[in-house]
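Student: Here it is, the structure, as structure tokens.
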Amino acid sequence: MQLRYRFRLYPSAGQRTALARAFGCVRVVYNDGLRARETARSQGLPFPKTGDLSKQLITAAKQAPERAWLGEVSAVVLQQALRDLDAAYRNFFDGLKGKRPRTGAPRYKSKRDTRQSVRFTANARWSITAGGRLRLPKLGDLKVKWSRSLPSVPSTVTVVKDSAGRYFASFVAETGSQEVLPETTPEVGIDLGLGHFAVLSDGTKVDSPRFLRRAEKHLKKAQRALARKEKGSSNRNKARIKVARAHAKVADARREFLHQLSTKVIRENQAVAVEDLAVNGLARTRLAKSVHDAGWSAFVAMLAYKAARYGRTFIRIGRFEPTSQVCSQCGVKDGPKPLHVRVWTCGACGAVLDRDVNAAVNVAKAAGLAVSACRAQVRPERVPAPRSEAGTHPTPQPSTAR
């Protein structure tokens with residue numbers, strides 16, 4: 001499978017200027033291609049093909065005085081801009097046909113967009129030097145902070161500048177069968193929540209870090225400072241970068257937590273089952289901020305691709321499965337319960353069930369996993385013995401001891 005590896009870049013002042021030039025050229029070619037296709041659509045003309053747009057907007061445009069500066073950047077990144085435009089149209093039309101989630105029509109890019117990127121393919125002849133630097137055409141050798149090794153020779157590299165002003169190199173590399181982990185026995189079901197981020201069917205509970213909630217005080221101060229700055233001023237841009245860096249710090253911490261937890265779960269279990277949560281619906285309630293802060297969708301996506309990468313089984317059960325209403329001991333459905341009820345007693349078998357652990361066990365059972373509920377945090381209810389079976393007598397008996 002193909003995976004994306006991202007590393008931090010530290011370009012020099014001259015390289016930052018060259019990257020800004022490349023970002024601008026890519027934006028211009030993308031907007032020119034979008035304008036040409038929108039003009040053809042409004043006039044009822046055939047849809048321009050990518051090859052024709054490339055000849056008109058790149059090859060011929062470089063010969064014109066008003067577009068001569070397009071020759072200052074690599075032609076590969078300009079070609080990739082048109083490919084990105086094709087992908088945007090393809091996603092839009094596939095959404096209308098119901099083949100994928102619906103997206104809006106392609107829009108013009110603005111030079112004020114805080115996120116910019118350029119992509120180099122193998123045709124650009126980029127390379128990694130012996131000293132560990134990333135050599136890009138017409139940009140030079142960029143310093144890279146390597147945190148791990150790549151599994152294979154990358155096919156493409158994308159240079160990204162995020163809203164916090166940081167630069168990253170994103171590589172697409174192919175992984176092989178050598179990463180498949182040896183088989184193991186445990187199989188686990190996971191119940192995701194807000195009180196605890198994840199509860200496993202073996203009784204393990206993972207607390208919710210609440211990264212955004214913990215950083216709200218600092219974010220509020222930075223956003224107030226931004227609101228006081230005059231629009232269009234340099235001080236406002238500096239304040240905007242401070243806010244973006246604060247949010248980036250929260251996002252990085254959350255991503256690191258999700259990666260560590262998902263890797264641990266996949267390595268320790270042969271099969272993993274989760275519930276298909278309606279995150280978009282929950283995000284429209286009063287719990288929206290907490291739902292987005294939890295990052296359930298990102299966690300489930302990490303479990304899915306890591307299971308495929310390491311040879312594990314990943315199962316997603318339906319969101320309408322009554323995991324919180326069914327007793328994991330006897331299977332009797334006891335009906336819905338308010339959210340404040342965290343422990344409940346089964347009316348059929350008398351078992352005292354932890355709500356979250358019981359749901360995790362039911363998730364595993366609904367997925368067909370061999371999970372025993374005996375490891376969950378459940379216990380039988382204490383029932384008074386009938387008088388006919390009592391082992392004591394109401395009146396003391398005479399002792400027969402001599």
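Student: Looking only at PRO336, PRO154, PRO11, which one moves most when the chain is put into a Gaussian network model with springs between Cα atoms under 10 Å?
Tutor: Residue with maximal mean-square fluctuation among PRO336, PRO154, PRO11: PRO336.
Student: Apply the Karplus parameterisation 6.51 cos²θ - 1.76 cosθ + 1.60, with θ equal to phi minus 60°, to every residue of the range 84-94 and state each ³J(HN,Hα) to the nearest whole Hz, in sequence, with x for glycine and proline.
Tutor: Computed from phi, the couplings for the range 84-94 are 5, 5, 4, 5, 5, 5, 5, 5, 5, 5, 5 Hz.
Student: What does the helix-only formula give at 222 nm for the chain: each DSSP H stretch with n ≥ 4 adding -39500 (n - 2.57), the total divided by the residues, and the result rounded to the nearest 500 deg cm²/dmol?
Tutor: Dividing the helical sum by the residues of the chain leaves -12000 deg cm²/dmol.
Student: Would you work out the charge dipole size for the range 104-154 about its Cα centre, treating the Cβ of every Lys and Arg as +1 and the Cβ of every Asp and Glu as -1, and quote it to the nearest 20 debye? If you can, show how the numbers build up before the last one.
Tutor: Numbers: 13 positive and 2 negative charges, 47 e Å.
Magnitude of the dipole: close to 220 debye.
Student: I've got another one for you. With the chain treated as a Gaussian network of Cα nodes joined by springs under 10 Å, which of LYS242, LYS365, LYS229 yields the largest mean-square fluctuation?
Tutor: In the Gaussian network model the winner is LYS229.
Student: If you wrap a convex hull around the Cα atoms of the range 183-332, how much volume per residue is inside, in Å³? It would help to have the intermediate numbers written out before the result.
Tutor: Working: hull volume 20.3 nm³, N = 150.
For the range 183-332, the hull spanned by Cα atoms encloses 135 Å³ per residue.
Student: On to the next question. List the aspartates and glutamates whose Cα lies under 13 Å from the Cα of LYS62, skipping any in the same chain that are fewer than 8 positions away.
Tutor: GLU72
Student: Using a Debye calculation, one point per C-alpha and no hydration shell, please list log10 I(q)/I(0) for the chain at q = 0.12 Å⁻¹ in order.
Tutor: The Debye formula, applied to the Cα set alone, gives -1.16.
Student: From the residues TYR305, SER234, THR114, which one has its Cα farthest along the dipole of the chain in the positive direction, the dipole being from +1 and -1 charges on Cβ of Lys/Arg and Asp/Glu about the Cα centre?
Tutor: About the Cα centre, the residue reaching furthest to the positive side is SER234.
Student: Counting only heavy atoms of the protein chains, get the accessible area per residue of the range 42-199 (1.4 Å probe) and round it to a whole Å² value.
Tutor: Here the per-residue accessible area is 58 Å².
Student: Please work out the FRET efficiency for the pair LYS217 and ALA253, using the Cβ-Cβ distance as r and a Förster radius of 25 Å; give the result to the nearest 0.05. Show your work: numbers first, answer last.
Tutor: Numbers: r = 15 Å, r/R0 = 0.62.
Approximately 0.95, to the nearest 0.05.
Student: Put +1 on the Cβ of each Lys and Arg and -1 on the Cβ of each Asp and Glu in the chain; which of PHE197, MET1, GLY24 then has its Cα farthest toward the positive end of the dipole?
Tutor: GLY24
Student: Would you list, by chain and number, the aspartates and glutamates whose Cα falls below 14 Å from the Cα of LYS161, excluding same-chain residues fewer than 8 positions away?
Tutor: Counting by Cα, and skipping residues close in sequence, LYS161 has these aspartates and glutamates nearby: ASP113.
Student: Would you grab the residues whose amide H sits under 5 Å from the one on VAL343? Only those 5+ places off in sequence or on another chain, please, with H modelled 1.01 Å from N.
Tutor: So VAL343 has HN proximity to ARG355.
Student: In addition: Using the Karplus curve 6.51 cos²θ - 1.76 cosθ + 1.60 with θ = phi - 60°, what ³J(HN,Hα) values do you get for each residue of the range 183-189, in whole Hz, with x for Gly and Pro?
Tutor: 5, 9, 8, x, 10, 9, x
Student: Follow-up. What list of ³J(HN,Hα) couplings, whole Hz, do you get for the range 346-361 from phi and the Karplus terms 6.51, -1.76, 1.60, once you set θ to phi - 60° and write x for glycine and proline?
Tutor: 6, x, 8, 9, x, 6, 8, 10, 6, 4, 6, 5, 4, 5, 5, 5
Student: Okay, moving on. Excluding LEU34 itself, calculate the net charge of residues whose Cβ lies under 9 Å from the Cβ of LEU34, where each Lys or Arg counts +1 and each Asp or Glu counts -1. Spell out each step's value before the answer.
Tutor: Numbers: positive: ARG35, ARG37, ARG107, LYS109; negative: ASP32, GLU38.
That works out to +2.
Student: When the dipole is taken about the Cα centre of the chain, and only Lys, Arg (+1) and Asp, Glu (-1) are charged at their Cβ, what size is it in debye, to the nearest 20? The partial results should precede the final answer.
Tutor: Working: 73 positive and 32 negative charges, 482 e Å.
Magnitude of the dipole: close to 2320 debye.
Student: Would you work out the charge dipole size for the range 8-83 about its Cα centre, treating the Cβ of every Lys and Arg as +1 and the Cβ of every Asp and Glu as -1, and quote it to the nearest 20 debye? Don't jump to the answer; show the numbers that get you there.
Tutor: Values: 12 positive and 5 negative charges, 42 e Å.
Around 200 debye, computed over the range 8-83.
Student: Roughly what would the spin-label model give for ALA283 and ARG228, points 7 Å off Cα along C-beta, in nm?
Tutor: Spacing of the two 7 Å Cα→Cβ label points: 3.3 nm.
Student: So which lysines pass the test for LYS231, namely a Cα distance under 21 Å, with those fewer than 8 places away in the same chain ruled out?
Tutor: In chain and number order, the partners are LYS109, LYS111, LYS220, LYS221, LYS242.
Student: Springs between alpha-carbon pairs under 10 angstrom, Gaussian network model over the chain: which of ALA360, ALA278, ALA294 fluctuates most?
Tutor: ALA278
Student: Which residues in the range 134-158 place their backbone N less than 18 Å from a point set 7 Å from the Cα of ARG267 along the Cα-to-Cβ direction?
Tutor: Taking a point 7 Å out along Cα→Cβ of ARG267, the residues of the range 134-158 whose backbone N falls under 18 Å are 147-151.
The values are calculated or read from the model by the stated rules, or taken from the named source; none is laboratory data. Since this is a predicted model, take the numbers as computed values, not measurements. Because the Cβ atoms are built from the backbone with ideal geometry, glycine has one as well, and the counts that use them run over all protein chains shown. When the accessible area is computed, the model is the full protein with side chains, heavy atoms only, and any ligands, DNA or RNA have been set aside. Shrake-Rupley method; radii C 1.70, N 1.55, O 1.52, S 1.80 Å.
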